[in-house]
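Everything on this sheet refers to the single structure shown next.
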Amino acid sequence: MKDYAKVVMCFDFGTKKIGICVGETVTGASQLLHIVYNDKNLLLNLKKIFDEWRPDLCIVGMPPKPKDNFYIAVKDFIQNIEESFNVTVITSNETLSSQLVPKDISANSKDSFSAKIIFEGWFNSRDE
């Protein structure tokens with residue numbers, strides 16, 4: 001039986017804005033999506049994206065030693081996604097994801113490019 005491509009949505013979480021990319025699990029191809037602002041409209045804006053892409057899995061970048069406030073905010077974000085969109089969310093190490101963004105990437109795409117780096121790190125470390 002052949003594996004089929006699963007859609008993975010990856011997030012570079014920030015307290016002000018969140019970068020997003022969507023990837024697939026067979027080839028590892030990924031595409032940058034627009035950032036969303038971490039504000040009162042967050043779930044409404046995410047719903048539009050989830051309705052379009054219908055991910056099978058979500059990944060949220062997590063630093064190895066997050067500060068307490070950041071950790072609480074990320075956990076709340078993960079819980080909101082799981083409860084609102086009925087999808088599994090895992091975390092993946094985001095060490096150096098922001099530093100690996102090419103200098104010529106536009107300011108509006110940097111966070112989503114970080115999400116792409118997080119996705120690629122997760123994809124390349126899988127045992128499948």
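Among the residues of the range 12-30, those identified as part of a strand (DSSP E or B) and in contact with a Lys or Arg (Cβ under 8 Å, 6 or more places away or on another chain) are GLY19, CYS21, GLY23, GLU24, SER30.
Would you point out which residue out of THR15, THR27, THR88 is loosely packed, with under 14 Cβ neighbours inside 10 Å, of a type in the set (Val, Ile, Thr), under 22 Å from GLY121 (Cα atoms) and out of contact with any strand residue (DSSP E or B) (no Cβ under 8 Å at 6 or more places or on another chain)? Checking each option against the conditions leaves just THR27.
Quick grid of which residues meet (1) loosely packed, with under 13 Cβ neighbours inside 10 Å; (2) more than 11 Å from the chain's Cα centre (by Cα); (3) of a type in the set (S, T, N, Q):
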{"residue": "ASN45", "(1), (2), (3)": "no, yes, yes"}
{"residue": "LYS48", "(1), (2), (3)": "yes, yes, no"}
{"residue": "CYS58", "(1), (2), (3)": "no, no, no"}
{"residue": "LYS75", "(1), (2), (3)": "no, yes, no"}
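Given the criteria in contact with a strand residue (DSSP E or B) (Cβ under 9 Å, 6 or more places away or on another chain), within 17 Å of ASP111 (Cβ to Cβ) and outside any helix (DSSP H, G or I), does ILE35 qualify? Spelling it out, ILE35 is indeed in contact with a strand residue (DSSP E or B) (Cβ under 9 Å, 6 or more places away or on another chain), within 17 Å of ASP111 (Cβ to Cβ) and outside any helix (DSSP H, G or I).
Checking the conditions here, which among LYS75, LYS103, LYS40, LYS48 is farther than 23 Å from GLU120 by Cβ and in a loop (DSSP other than H, G, I, E, B)? LYS40 is the lone residue from the list that is farther than 23 Å from GLU120 by Cβ and in a loop (DSSP other than H, G, I, E, B). Scan the range 65-78 and report the pairs whose first residue is within 15 Å of SER92 (Cα to Cα) and whose second residue is in a helix (DSSP H, G or I), with Cβ atoms within less than 8 Å and a gap of 6+ or a chain change. Final answer for the pair search is PRO66/VAL74. Yes or no: PRO63 surrounded by 11 or more Cβ atoms within 10 Å (Cβ to Cβ), modelled with pLDDT under 95 and within 15 Å of the chain's Cα centre (by Cα)? So PRO63 fits the description; yes.
The values are calculated or read from the model by the stated rules, or taken from the named source; none is laboratory data. Everything numeric here is computed off the predicted structure, so don't read it as measured data. Positions of Cβ are generated from backbone atoms using ideal geometry, with glycine treated the same way; all protein chains shown enter the neighbour counts.
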